[in-house]
Every structure is written in structure tokens, then in C-alpha cells.
Amino acid sequence: MPKNKVILPPKTIGIIGGGQLGRMMAIEARYMGYKVAVLDPTPNCPTAQVADKHLVAAYDDLSAIKELTEISDVVTYEFENVDLEAATYIEKAGKLPQGAFPLEVTQNREREKTLLADLGLPVAPFTIINSKEECEAVLKDAPLPAVIKTCRGGYDGKGQFKVETEADFEAAIDFIDPNETYVIEQWISFDKEISVVFSCTADGDFKMFPIAENQHKDQILSETTAPAEINEAVYNKAVVASRTLADSMLIVGTFTIEMFVIGDGIFINEMAPRPHNSGHYTIEACNISQFKQHIRAICGLPLTEVTLHNKAKMINVLGEDMDRALHAIEYQSEAFVHLYGKEEVKEKRKMGHVTFIAESFDQLNELKASYEK
């Protein structure tokens, strides 16, 4: 018996979070004929600029959450640090098909790593610590280099400390807040990082986008190239891991897994229960974007078979890159420039992205070089 609850236009989709991911969800929803309501504390946030209604309130404001639930026919979220009490309330109201469980797992690295290990999926060796004393004891025997990460919060490299040698032990111990829980992981020297973006419906329909390869600068995603140049063994392991997680976590909507590739093997690094920066290339390069597939999934509609029309390279536009992106709009007809409508330009802040598509990787590299002149 199908579990999908079908939501058809012009009903209302509620989005928790008003950043760029919510904005791109909302744009696809509006194209399809849906109304959009967003809850975000920032006036004129990126999603509010394309939504029908904006509830200006904190994410844990339960009265605002209740209002969003009442005016929406289905609710989704654009980031994983959603208040769990709020998510549980919406789920009990029957309007959060993604559920609270994926949030509970992905917003806590201890839960995430433990789940992966329990499923027999490959993760870097890790230890959970709760104090400076435990940190010191673990580091004495830990293979180096290692990385210490907060179990809650942290993104784009924030909330992390890399331990290269014993000379870093004192600073690492100082990094520990006795009121927080941390994971100490063995540092993985990988050949490349890949992203697997897929979508699921409540009745088990599963569609995967082409696996993409990521490059980072200063611990922030710099560019994504699709398809990733990986062998069949790596591809098959990535698919198996994705299906395993999709089935065990009862995933609904678009979901992302970042993996490290070492030879013919993979290690799962992080997960995100939502569309992802590394999936932006799908807007131009595929027959359906990660955002439209997400809207179809949460609205109980059949998923579209994914086709990659062209090879693609997505480059993030940070605050310091805005002049380059504006120049590309003016002079590069091949550049698909997406700006997110953020009012304040800040260094290292994601302000937009640029995507190039071509028939070959050589052509993509030529387009990138022209953009970066």
C-alpha cells in the first residue's frame, strides 16, 4: 500500500530556514504552482524574496512553528540544525514527511558515526570524548594526524581542530569545552572526495544523481565537478552505502552523503538530510534539479528518472568573489550565475555559485580558467 501523501498545487509548502537552499526549493515549488511559506528570523532573507509568506521568528519559536504548520500542507527544512521539539511537533501533525529522525542523526556526530558503524558502513576510526582529561588520554594512543570535531554544530570547517603531531596536544586540549561532546577521528588521507545526492519517496522510490567530485579551499567547498572520475568498484560501493542509509533511515526527500575515496574503497565523512551545495550543478546539467526532485518527493509525487545532459563544473561564489561573478554575468555567455540575494557581502560567505556545462572536462577547465582570469 503506497505511503505517499500526495500534495498538489496550489497547496502550500512550508520551509524552515530562509537561506539559499530554501530559496532554490521555493523557486522550483513556485514553478510547479505551489505556494510557499518560510520561517526564518532574518527579514528579507533569500527565501523570503521568492515566498508568499514569511514568518519572521526564531527556529525554536514553537508558536511560529505551530503557525507554519497550520498554514502549510507539507513542511520541509533547508538545514539540519532544526529544533527537534519543533520537528517532532510537525511530524506528529502529519506534515513532515522527512521526519525528525534524520535530523536527530545528522545534527549529532556521535549519533551519525555510531549509526554508520552499526550498519557496517565504512567510517574513519573514531572515539567519543566528553572532557579535557578524556581528550588527553585518547590522544596519547591515537594514530596521528587526527581531527577533533564538535558533535553538535559546526560547518565549513568550523568546530574542528586538526592534530598533526604531539606538539599540538596542548592546543587540542584547550580546544575542548567541558560542556560539549566531541569525536576524535583518525585523519584520512584520501585520493578525492565525492558527493552522492539522491532522493526518496515515502513508498521507497529511489533516484540518484550522478556522483560528483568536490574540491575544498580553507575547508569550504570550492568547486564540484560532475560526473566524478571514479572506477566501477567505488561507484558500486557508493551506491550500496546510499541505498543502505536510505532504507535504514526511511529517507524522504533529497539527501546527501559526502565520501572519501581511497583506491577502490570509500569512507563516509558526513551526511546532510537535504539538498546540498555539491548538487547545484544538477540545475543546468540534468533533466531535473536536486531541488525539484526534493519537492516532488516531499509532495508524494513519483520521482523523475535522472539524466545527465552535459558534464558540469560548479564554482562557489564567496563574498570576495562577487566582482568576478558580476563580470561573468556581463561578459561570459557560457556562465550560469546564481546569486542568492543576501544583503550583506562578507568574506567567506556563500553569496552564489557559477555553473559551466560542456561536452568534455577539457572544455570545462577552459571555461573555468576564463572565469578566473
- Task: Specify the residue that is farthest from Gly17 (Cα to Cα); the eligible residues are those in segment 339-373 that are in contact (Cβ under 8 Å) with a residue 40 or more places away in the chain and of a type in the set (A, V, I, L, M, F, W, C).
- Result: Phe361
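Show me the helices (runs of 4 or more DSSP H) found entirely inside segment 278-373 where at least 1 residues are over 21 Å from Ile211 (Cα atoms) and modelled with pLDDT of 95 or more.
Details: elements: 282-285, 290-298, 322-331, 361-372.
Where helices (runs of 4 or more DSSP H) fall fully within segment 278-373 and carry at least 1 residues being over 21 Å from Ile211 (Cα atoms) and modelled with pLDDT of 95 or more, they are 290-298, 322-331, 361-372.
For (1) farther than 21 Å from Thr47 by Cβ; (2) surrounded by 18 or more Cβ atoms within 10 Å (Cβ to Cβ); (3) among the hydroxyl-bearing types (Ser, Thr, Tyr), each residue gets a yes or a no:
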| site | (1), (2), (3) |
| --- | --- |
| Ser289 | no, yes, yes |
| Thr304 | yes, no, yes |
| Thr307 | yes, no, yes |
| Lys311 | yes, yes, no |
| Ile315 | yes, yes, no |
| Asp323 | yes, no, no |
| Leu326 | yes, no, no |
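More than 25 Å from Ile16 (Cβ to Cβ), assigned to a loop (DSSP other than H, G, I, E, B) and among the β-branched types (Val, Ile, Thr): is that true of Ile188 in this structure?
yes
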- Of the residues Ala100, Ala86, Ala146, Ala93, which is small (Gly, Ala, Ser) and within 30 Å of Gln215 (Cβ to Cβ)? Ala146
- Message: Tell me yes or no: at least one residue of segment 117-133 is touching a residue at least 40 places away in the same chain (Cβ under 8 Å), among the polar types (S, T, N, Q) and out of contact with any Ser or Thr (no Cβ under 9 Å at 6 or more places or on another chain).
- Response: yes
- Task: Output the residues belonging to segment 252-310 that are out of contact with any strand residue (DSSP E or B) (no Cβ under 8 Å at 6 or more places or on another chain), of a type in the set (S, T, N, Q) and without any contact (Cβ under 8 Å) to a residue 60 or more places away in the chain.
- Result: Asn287
- Task: For segment 241-250, state whether one or more residues are surrounded by fewer than 24 Cβ atoms within 10 Å (Cβ to Cβ), of a type in the set (Lys, Arg), in contact (Cβ under 8 Å) with a residue 40 or more places away in the chain and closer than 23 Å to Leu303 by Cα.
- Result: no
- Item | Only one of Ala29, Ala64, Ala57 that is outside the structural domain of Ile251 (by TED's automatic domain parsing) and either buried (at least 24 other Cβ atoms within 10 Å of the Cβ) or closer than 26 Å to Glu112 by Cα (or both) | Ala29
- Task: Filter segment 343-373 for residues that are within 19 Å of the chain's Cα centre (by Cα) and buried (at least 19 other Cβ atoms within 10 Å of the Cβ) and give the result.
- Result: Lys350, Met351, Gly352, His353, Val354, Thr355
- Exclusive hit being at pLDDT below 95 and not assigned by TED's automatic domain parsing to the domain that holds Gly159, set Gln20, Gln49, Gln107: Gln107
- Message: Suppose we filter Thr114, Thr150 for residues that are within 14 Å of Glu270 (Cα to Cα) and free of Cβ contacts under 8 Å to residues at least 40 places away in the same chain; which single one remains?
- Response: Thr114
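Conditions tested, residue by residue: (1) out of contact with any helix residue (DSSP H, G or I) (no Cβ under 6 Å at 6 or more places or on another chain); (2) at pLDDT 95 or above; (3) in the same structural domain as Leu301 (by TED's automatic domain parsing); (4) closer than 20 Å to Phe190 by Cα.
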site: Phe101; (1), (2), (3), (4): yes, yes, no, no
site: Arg111; (1), (2), (3), (4): no, yes, no, no
site: Cys135; (1), (2), (3), (4): no, yes, no, no
site: Val138; (1), (2), (3), (4): yes, yes, no, no
site: Ala146; (1), (2), (3), (4): yes, yes, no, yes
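The values are calculated or read from the model by the stated rules, or taken from the named source; none is laboratory data. Not measured: the values here are computed from a predicted model. Every residue, glycine among them, receives a Cβ derived from its backbone with ideal geometry; neighbour counts consider all protein chains shown.
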